[in-house]
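The values are calculated or read from the model by the stated rules, or taken from the named source; none is laboratory data. Model, not experiment: these values are computed from the prediction. Note that each Cβ is placed from the backbone with ideal geometry, even for glycine, and that neighbours are counted across all protein chains shown. Just so you know, the surface numbers come from the protein's heavy atoms only, side chains and all, with ligands and any DNA or RNA stripped out. Shrake-Rupley method; radii C 1.70, N 1.55, O 1.52, S 1.80 Å.
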Amino acid sequence: MIVSAIPVRSRLAQRIINLSPTAPGARLMAAGLCLVIAGSVSAQRAAENVVRAAADAFGSSVGDEQIGLYSATNVRGFSPTAAGNIRIDGIFIDRQSGFSDRLVSGSQIRAGLAAQGYMLPAPTGIADFSLRRVADEPVQSIILERSRYGGVRLAADLQARLAEGVEAAFGVGYEEDEEGNGTNDIAASAGGNLRFTLQPDADVTVFADYVEELENQFSQRYFTAGPYEPPEVTPLKFVGQPWAKFTGPRYNVGVLANYRPADWEYRLGVFRSSREWDQQANVLYTDVRPDGSARRRSALGPSTTLLSDSLEARVTRHFYEGSRRHSITVNLRALDRSRVYGGTVGIDLGDANIDEPVYFERPDIEVGEQSRESVEQVTLGFSYDLRWENAGQLNIGIQQSDYSREVIVPGSNDLLDEENPVLYNVNANAPLGERVVVYGGIVRGFEESPVAPISAINQNEAPPAAETQQIDAGARITFGELTAVAGVFEIEKPFFGFDEDRFFGAQGMQINRGVEFSVAGPVTEALQLVLGTVFYDVSLTGDAVDSGALADSPAGAITRSTTLNFDYRPQWAPGWSFDLGVTSQGEQNADSQGLVTIDPYTLFDLGLRRQFSFADNDVVIRGRLTNVFDEFAWNAGSTGAYRYIPPRALSLSLRMDI
């Protein structure tokens, strides 16, 4: 037995034990006792290639490169990160800060067909991250990169077998990034994992990931005075304020465990995630006019912190009946989150031009009192999974959640939200012949709501979680080595936006309907293809729409998104590979009244790799040119804030496995 050492606060622990079933093993997990987890072996850093690794076009990342229609911040028009749908090696974590490349090797988006058979799926989709593991032959990797716009990235990732059954993968990194909007980010990172293999069917992994934000500047947002886009500005020009930045640590630590004796499977993950900013700030250009004139505004506030403890415990029993496998799972998830936020003070910096920087001394202000939020949630789930060889798969799940949220607001009444939703999912897939698989399902979820953005008067406030629903269906067809997937979906979630006072809160219901396509695989031995497109129909309902305060489609909604990636390894040039990336976006609604439409745009990226050996070490030199034709375009967010797309950029990197 291994006792997990990461504390979960006593009140939450008691609620977990109260909800836990009395079956043997379940209370052991609820108390934090378990046996352990297995992980897959990852390849060396020099060989990383996301196009070659992707099984579909629905979102994959390997190292620091990402392709596909979806990502951890956008799946079918919603954010898995904002919804709390992050997993690490398949286990739930209430993540409050992003993982560094020192800890994880990549991620996979679980939506549509990729979510079939996934334990207790979520309507907004799931971003599942993979821990870095020690390769069959441990290597040490060095990464030197001249990043976009002249930044620098340095990293060393190390692997070692310390003793029999004990292995470590860890690394350190430093980066100075200049963003396309002229802001700068400087950070140092260290992290990794230590894995203990106790016996062939049991192991424990302890991990830690720490990032120190040495300087992170807040990027500017633009709000127009009427129904039009802002005028074009000069990319890479910093028009914010030097003091509108933050520093502070963020970290994720945890224990993962797994034990698979015979037909049983026990899994446990216990985590702590934290983020701290030394101050809150923003830079806004409001009342922007076609000639570029505007009002320059900012806000400053005291430090803010986020801290969350979370766990998932799972017991599965497999039963075999000829060509059928039945699996029954009892699942427990819990979180205890605290947040300190607010106290910001608005600052009017006077008239401005959005393309002409004017820097001011940091104002001497007296910040306001801060609000304190605490969230506790315990969810008990049961799942049945049937896998019938050559006949298909059926997955049925039901969950009961106990949710409470308390907010202490200075000078006002405390807020208390309590919910006890019952959630469910039914998913199935079946083959139609040798080449076709059809799938479908319905998922009812209870997901986190988006945090108020920096442009809101209630900046960083988190509305309560809400019930959501997804229905989807589709088919997968194989053509030789190529795999095609086509599907349809409908997702319903509460819509959060601004009222007339720029208070961020619930404004109605948003319904995203869509049709998505993917084709991926080798076209020839030398050419790899990943192609995807999704067509959206996004609508709003509610009193704000009925009264005319909002259009029937939200700001930021797009009609289409398309991605195309090729990776070509010519036989006539061994060690060389060339890649092409195309990203295309359809029309976008740019304001809450539906009066402004941003035109479609298409961006092209080019890249090459040169792989060779130097002193018996594998080396890859990588070059990437993004936004080749230096297109300029605006993107609009759900709050009506404009940001422009990154301009043309060149990055060069050298990766060596020692």
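Would you please name the residue that is farthest from residue 358 (Cα to Cα), looking only at residues in region 164-190 that are open to solvent by less than 10 Å² (accessible area, probe 1.4 Å) and of a type in the set (Gly, Ala, Ser)? If we take residues in region 164-190 being open to solvent by less than 10 Å² (accessible area, probe 1.4 Å) and of a type in the set (Gly, Ala, Ser), then 168 is farthest from residue 358 (Cα to Cα). Of all residues in region 216-230, those satisfying the criterion of being open to solvent by 20 Å² or more (accessible area, probe 1.4 Å), in contact with a strand residue (DSSP E or B) (Cβ under 8 Å, 6 or more places away or on another chain) and in a loop (DSSP other than H, G, I, E, B) are 225, 229. When residues in region 518-537 are screened for being among the β-branched types (Val, Ile, Thr) and open to solvent by less than 20 Å² (accessible area, probe 1.4 Å), 2 of them pass. Within region 430-445, if we keep just the residues that are closer than 30 Å to residue 464 by Cβ and touching a Leu at 6+ places or on another chain (Cβ under 7 Å), the residue that is least open to solvent (accessible area, probe 1.4 Å) turns out to be 445. Taken over region 33-66, residues that are modelled with pLDDT under 80 and either touching a helix residue (DSSP H, G or I) at 6+ places or on another chain (Cβ under 6 Å) or assigned to a strand (DSSP E or B) (or both) amount to 2.
Could you tell me whether any residue of region 313-320 is under 27 Å from residue 640 (Cβ atoms) and over 32 Å from the mean Cα position of the chain (by Cα)? No - not one qualifying residue is present in region 313-320. Does residue 389 count as over 19 Å from residue 79 (Cβ atoms) and open to solvent by 50 Å² or more (accessible area, probe 1.4 Å)? Yes.
Could you look through region 554-584, keep only residues that are assigned to a loop (DSSP other than H, G, I, E, B) and touching a Ser or Thr at 6+ places or on another chain (Cβ under 7 Å), and pick out the one that is most open to solvent (accessible area, probe 1.4 Å)? Applying the filter and picking the extreme gives 569. If you filter region 479-503 down to residues that are over 22 Å from the mean Cα position of the chain (by Cα) and closer than 30 Å to residue 456 by Cα, you find that the one that is surrounded by the fewest Cβ atoms within 10 Å (Cβ to Cβ) is 500. Taken together, the residues in region 231-288 that are assigned to a strand (DSSP E or B), polar (S, T, N, Q) and farther than 18 Å from residue 363 by Cβ amount to 5. Reported count of residues in region 246-283, each being at pLDDT below 95 and surrounded by 21 or more Cβ atoms within 10 Å (Cβ to Cβ), is 5. Within region 630-651, can you find the residues that are open to solvent by 50 Å² or more (accessible area, probe 1.4 Å), more than 27 Å from residue 554 (Cβ to Cβ) and in contact with a Ser or Thr (Cβ under 9 Å, 6 or more places away or on another chain)? Of everything in region 630-651, those that are open to solvent by 50 Å² or more (accessible area, probe 1.4 Å), more than 27 Å from residue 554 (Cβ to Cβ) and in contact with a Ser or Thr (Cβ under 9 Å, 6 or more places away or on another chain) turn out to be 648, 650. With respect to residue 515, determine if the residue is modelled with pLDDT of 95 or more and either open to solvent by less than 50 Å² (accessible area, probe 1.4 Å) or part of a strand (DSSP E or B) (or both). The answer is yes for residue 515. The one condition from (1) out of contact with any Asp or Glu (no Cβ under 7 Å at 6 or more places or on another chain); (2) open to solvent by 20 Å² or more (accessible area, probe 1.4 Å) that residue 298 does not meet is (2). With respect to the conditions (1) touching a residue at least 40 places away in the same chain (Cβ under 8 Å); (2) assigned to a strand (DSSP E or B); (3) crowded, with 16+ Cβ neighbours inside 10 Å; (4) under 34 Å from the mean Cα position of the chain (by Cα), residue 343 falls short on a single one, namely (2). Residue-level check: of (1) in contact (Cβ under 8 Å) with a residue 60 or more places away in the chain; (2) touching a Gly at 6+ places or on another chain (Cβ under 8 Å); (3) in a strand (DSSP E or B), residue 128 misses just (1). Checked against (1) open to solvent by 80 Å² or more (accessible area, probe 1.4 Å); (2) of a type in the set (S, T, N, Q); (3) at pLDDT 90 or above, residue 413 meets all criteria but (3).
When region 95-125 is limited to residues that are assigned to a loop (DSSP other than H, G, I, E, B) and of a type in the set (Ser, Thr, Tyr), the one that is farthest from residue 490 (Cα to Cα) turns out to be 100.
May I ask you to verify whether residue 151 is of a type in the set (Gly, Ala, Ser), open to solvent by less than 30 Å² (accessible area, probe 1.4 Å), under 30 Å from residue 493 (Cβ atoms) and modelled with pLDDT under 95? No: the conditions fail for residue 151.
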